[in-house]
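The values are calculated or read from the model by the stated rules, or taken from the named source; none is laboratory data. This is a predicted model, so every value here is computed, not measured. So basically every Cβ, Gly included, is an ideal-geometry build from the backbone, and we count neighbours across all protein chains shown.
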Amino acid sequence: MKIDRTASWLIVITIIVLALIVGQSVFIPFIVALLIWFVVKKTRNSLDKIEFVHKYIPKWIKTFLASLLVFSILVIVGRMLTTNIEKLVLSSEVYRANIEVISLKISKMVNDLVGIDANTTSEAIKNSFKSILNLEYLQSLFSSLSGILGNMMMIVFYTIFLFIEEGLFSNKIKLMFGNPEKSEQYLGIMTKIDKMLSRYIILKSMINLVTATIAYIVLYFVGIDSPFFWAALIFFFSFIPSIGPILGTTLPAIFSLIQFAEFVPFLIILFVIGSFQVAIGNYLEPRIMGNTLNISPLFGIFALAIWGSLWGITGMLLSVPITVAMIIVMAQFPNTRNVAILLSEKGKL
């Protein structure tokens, strides 16, 4: 009996994985639409707190205004990111030439300090830089962002129908369960999930926005190419516990070595942005977030790898919100609560 159950689960998981791979052109726009619907709903609720808007503006107009605001910001940010990435890709030859220069400088330093042959270390360092700054990843990211922007019409349609469904959802739950007590219980769970997810996404996004803004100012004054792209990268990476802020700080610092072929910009970025990351992560975030649910660093990286292998760069970008949503949902049900505890950062739900 136990073997049959295990076999059934393996079959179900295999079918889900295959469906995610084959149907990514459908699933990705839907998940993006789901996230946008969530953000629009919260923006509409914020507008509703204004007394005049609450009294005199109909709900559909508030939804339209909130949607217009969110979609406008997303399109502007998307266009800015694609422009920034395009500039980096076009400058790839300059960066490749600088890899030779900085590799020789580092190998010379290693030779002076340790006495290892400069030619050997130069080649090893050069290969390391090329693997770290693989410009194919930038091209892949550019294609992913262009793909999301290209599917904007489908995302808009999904979002519209999610808002239509929103008004009918409560009634459907009541009809599904029949029993008023059971339907109220499930509606209560859905409300709790919504509140927890809202709190996590809003607070974490605000903290990450502060970090990314500070990073942008530092990178702009250092003179790094496409500072908006690197600041956006820091914003998204900061959602990944522990390892995310380290990657977010290290990547632009290493890129500065390749761009300038000098150590001063590298040290400025590493020290200044790194110091702010430590201060925000260790002092500001715990005070604001409290015991708000977070992802285990190990599971965060694991989820990043899984979604990345399924959907590429787009999967990596979507991995954190998908994973957080999964943990919050699992935390609400007795059968999956232990799994949620295991996957959370501190085990506090």
Query raised in the report: Here is a list of conditions, (1) under 21 Å from LEU318 (Cβ atoms); (2) at pLDDT below 75; (3) surrounded by fewer than 16 Cβ atoms within 10 Å (Cβ to Cβ), and LEU175 meets all of them except one; can you say which number that is?
Result: (1)
**Report entry** Positions within segment 29-76 being under 19 Å from the mean Cα position of the chain (by Cα) and more than 25 Å from MET196 (Cβ to Cβ), in sequence order
**Finding:** PRO29, PHE71, VAL75, ILE76
Report summary line: Taking first residues from segment 28-41 that are within 19 Å of SER309 (Cα to Cα) and second residues anywhere that are of a type in the set (S, T, N, Q), the pairs with Cβ under 7 Å that are 6 or more apart or on different chains are ILE28/THR314; PRO29/ASN151
Report task. Within segment 1-20, track down each residue that is in contact with a helix residue (DSSP H, G or I) (Cβ under 9 Å, 6 or more places away or on another chain) and either modelled with pLDDT of 75 or more or farther than 19 Å from TRP311 by Cα (or both). Result -> ALA19, LEU20
Query - Wholly within segment 31-125, helices (runs of 4 or more DSSP H) carrying at least 1 residues that are among the polar types (S, T, N, Q) and modelled with pLDDT of 80 or more - result: 59-90
**Report entry** Total residues in segment 304-349, condition surrounded by fewer than 17 Cβ atoms within 10 Å (Cβ to Cβ), of a type in the set (Gly, Ala, Ser) and either in contact (Cβ under 8 Å) with a residue 40 or more places away in the chain or not in a loop (DSSP other than H, G, I, E, B) (or both)
**Finding:** 3
Report task. Could you give me the residue pairs with C-beta distances under 6 Å whose first residue belongs to segment 182-202 and is within 18 Å of VAL39 (Cβ to Cβ) and touching a residue at least 12 places away in the same chain (Cβ under 8 Å), whose second residue is polar (S, T, N, Q) and in a helix (DSSP H, G or I) wherever it lies, and which are 6+ apart or on separate chains? Result -> none
Query raised in the report: Going through segment 255-278 one residue at a time, which ones are over 21 Å from the mean Cα position of the chain (by Cα) and either of a type in the set (S, T, N, Q) or more than 18 Å from LEU219 (Cα to Cα) (or both)?
Result: SER256, GLN259, SER275
